[in-house]
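Visitor: I'd like to ask some things about the structure below.
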Amino acid sequence: MRGSGSYLYDAAGNRYLDGSGGPAVFSLGHGHPEVNAAIARQLEDVAFGYRYTFTSSALEQLTDTLRRLCGGQFNDVLFCAGGSEAVESALKVTLQHYAARGLMKKRRFVSRRRSWHGNTLGALSVSDFTERRRDFEGSLLDVAFVAAANAYRPPADVPPGELTAHLAAELETTIQTLGPDNVAAFIFEPIVGAAGGVVPAPQGYAQAVREVCSKYDVLMIADEVMCGSGRSGTWRTLEFDSVVPDVMCIAKGLAGGYVPLGATLVSSRVAEPIHAAHGGYQTGHTFSGHTTACAAGVAVQHIIERDALMTRVRKSGALFQTALRERLAQFDEVGDVRGRGYFIGVELVRDRRTKAPFPRTRGLSYDIGRRSFADGLICYPCAGNVDGINGDSIILAPPYNALDIELEEIMTKLTAAIGAALTASD
Ligand SMILES: Cc1ncc(COP(=O)(O)O)c(C=O)c1O
């Protein structure tokens, strides 16, 4: 019925603390008066200037803001209505880039196991999410998958110190096997979201795969739809690794969930051949660059900068994660607490030593989600992170402006829900 700050209220008057910002969307919580006012102002002027006829101040302002927030690394910003569209555009921009250079054989994509890039057929094709792909197998693109970059669950017999080199070598071998002349792009989530339960890559991974991609003229697409737009404590997630992808997808937190908005950011190196050969992009939708959505995006990004919320997310996120790890250490079944900034995952295991998951039939993560909801906390339960079927994790992604007392409430209620669910399963 209503949202205010970090809380939502239902028709019965129950109050819920939004500990996951919905699906990692609500970067400024709910009902922010300044965002609402900016949207209302835009609606009063004009709701939407269709891009074939007009540009708009909101669109131009947001484009400039994103270019600046990304340190000038991206030239073109293609707006859309969400994450799947942003990924779809990234795949198409990649193909158009090679078409513009006359390299029509470069059509294949490489992605990673345990990844999620969206629900449209192209984005679903590069996703490894068993349950969500199952009914569409046979109609998906032929995509090559390499191992997930997961330090908690590395490939068998790979020691921790060799994981990054192993994963980079696997990517290189895959490109060589497909033939570098056939490979267009490697797409990955810098911090895996729903398919892995918040999995940051091992140290040095982003630099290592960047080098492999550059070596074979394969574009690097960073899908920052869930982890980006400040959620992990730097505005671009890969800023943390000092790595710049060729194409980057953002959505979710970009306009804070107030109006649907996503974007595909394209580097000059990728954009130039397209402009030279084709004069522009062969992608876009009716609502691309929707004026009111852009106005919401401008307001959200302005508040994040003005209130220094990136610094808050970085500092307080580290403390929150440490405190949560300590709080959950009482449960043998909590195998891992990980993440960066306000993007944190808790993985549950049947056996902490072997990391064996609970069987899917137990439905542990959903059980925890239900119990915390009943107690007034929204978290984001995920299943299948181990092998596509089994595996339980919980994602926390509070609003960047959540108060300390609210972070404390998240920890207390999640701890209680995990405890109750585990007791029930004994
Ligand atoms: C990393 C990632 N990419 C793409 C998507 C698809 O975004 P949307 O649901 O807005 O289409 C998601 C959604 O969860 C995501 O987490």
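The values are calculated or read from the model by the stated rules, or taken from the named source; none is laboratory data. A quick note: this is a predicted structure, and the numbers were derived from the prediction, not measured. Here the Cβ is made from the backbone with ideal geometry for all residues, glycine too, and neighbour counts use every protein chain on show. With ligands, DNA and RNA removed, areas are computed over all heavy atoms of the protein, side chains included. Shrake-Rupley method; radii C 1.70, N 1.55, O 1.52, S 1.80 Å.
Visitor: At 7 Å along Cα-to-Cβ for each site, give me the label-to-label distance between A416 and T322 in nm.
Guide: 2.7 nm
Visitor: Quick one: if you stick a label point 7 Å off each Cα along the C-beta vector at Q282 and T55, how many nm between them?
Guide: The modelled label-to-label distance comes out at 2.5 nm.
Visitor: Sticking with this one: Calculate one ³J(HN,Hα) per residue across region 62-78 by plugging θ = phi - 60° into the Karplus curve 6.51 cos²θ - 1.76 cosθ + 1.60, and present them in order as whole Hz with x for glycine and proline.
Guide: Working through the residues one at a time gives 5, 4, 4, 4, 5, 4, 5, 4, 9, x, x, 7, 10, 8, 9, 10, 9 Hz.
Visitor: Quick one: what are the phi-derived ³J(HN,Hα) couplings along region 14-29, Karplus 6.51/-1.76/1.60 with θ = phi - 60°, whole Hz, x for glycine and proline?
Guide: Per-residue couplings from phi come out as 6, 10, 10, 7, 7, x, 10, x, x, x, 6, 10, 7, 5, 10, x Hz.
Visitor: For region 39-133, state which chymotrypsin sites (Phe, Trp or Tyr not before Pro) are in a DSSP loop and have at most 11 other beta carbons lying within 10 Å of their beta carbon.
Guide: Sites meeting the loop and neighbour criteria: Y52.
Visitor: Suppose every Lys and Arg Cβ carries +1 and every Asp and Glu Cβ carries -1, with no other charges. What dipole size does the chain come out with about its Cα centre, to the nearest 20 debye?
Guide: Dipole size: approximately 240 debye.
Visitor: If you wrap a convex hull around the Cα atoms of the chain, how much volume per residue is inside, in Å³?
Guide: For the chain, the hull spanned by Cα atoms encloses 141 Å³ per residue.
Visitor: So if R0 is 22 Å, what FRET efficiency would Y9 and I405 give, r being the distance between their Cβ atoms, rounded to the nearest 0.05?
Guide: Efficiency computed from Cβ-Cβ geometry: 0.75.
Visitor: Can you give the charge dipole size of region 62-155 about its Cα centre, rounded to the nearest 20 debye, using +1 on the beta carbon of Lys and Arg and -1 on the beta carbon of Asp and Glu?
Guide: The dipole of region 62-155 has a size of about 400 debye.
Visitor: Once amide H atoms are placed 1.01 Å from N in the peptide plane, what residues at a sequence separation of 5 or more from D76, or on another chain, have their amide H within under 5 Å of its amide H?
Guide: The list, which skips near neighbours in sequence, is V266.
Visitor: Now for a different question. Which length gain, in nm to one decimal place, applies between T354 and T120 when the Cα-Cα distance is subtracted from 0.36 nm times their residue separation?
Guide: So the chain would gain 80.6 nm between T354 and T120.
Visitor: Further question: Over all alpha-carbon pairs in region 1-50, figure out the percentage whose distance exceeds 14 Å.
Guide: When all Cα pairs of region 1-50 are counted, 60 percent exceed 14 Å.
Visitor: Show me, for region 243-259, the HN-Hα J-couplings you get by feeding each phi into the Karplus relation (A = 6.51, B = -1.76, C = 1.60, θ = phi - 60°), rounded to Hz, glycine and proline as x.
Guide: Per residue, the Karplus-derived 3J(HN,Hα) values read 10, 10, x, 7, 9, 9, 10, 9, 6, 4, x, 3, 10, x, x, 6, 9 Hz.
Visitor: With the other protein chains left in place, how much accessible area per residue, in square angstrom, belongs to the chain at a 1.4 angstrom probe?
Guide: It amounts to 40 Å² per residue over the chain.
Visitor: For q values of 0.20, 0.23, 0.26 Å⁻¹, compute log₁₀ I(q)/I(0) with the Debye formula on a Cα-only model of region 24-87, without solvent.
Guide: Calculated log10 I(q)/I(0) at the listed q: -1.15, -1.31, -1.29.
Visitor: Here is a further query. For the pair R134/D375, report the inter-label distance in nm, with labels modelled 7 Å from Cα in the Cβ direction.
Guide: Simple spin-label model gives 3.1 nm for this pair.
Visitor: Excluding residues fewer than 8 places away in the same chain, name every one of the lysines whose C-alpha is closer than 20 Å to that of K92.
Guide: K105, K106
Visitor: List the trypsin sites (Lys or Arg not before Pro) within region 38-121 that fall in a DSSP loop (any state other than H, G, I, E or B) and whose Cβ has at most 10 other Cβ atoms within 10 Å.
Guide: none
Visitor: Mean separation of Cα pairs under 8 Å and 6+ residues apart, divided by the residue count of the chain: what relative contact order is that in percent?
Guide: 23 percent
Visitor: How about region 328-426: which trypsin sites (Lys or Arg not before Pro) there lie in a loop by DSSP and see at most 14 other Cβ atoms within 10 Å?
Guide: R352, R353
Visitor: To continue, here is another question. Considering only T423, G363, A402, whose Cα is most displaced toward the positive end of the charge dipole of region 359-426, charges sitting on Cβ of Lys, Arg (+1) and Asp, Glu (-1)?
Guide: The residue sitting farthest along the positive end of the dipole is G363.
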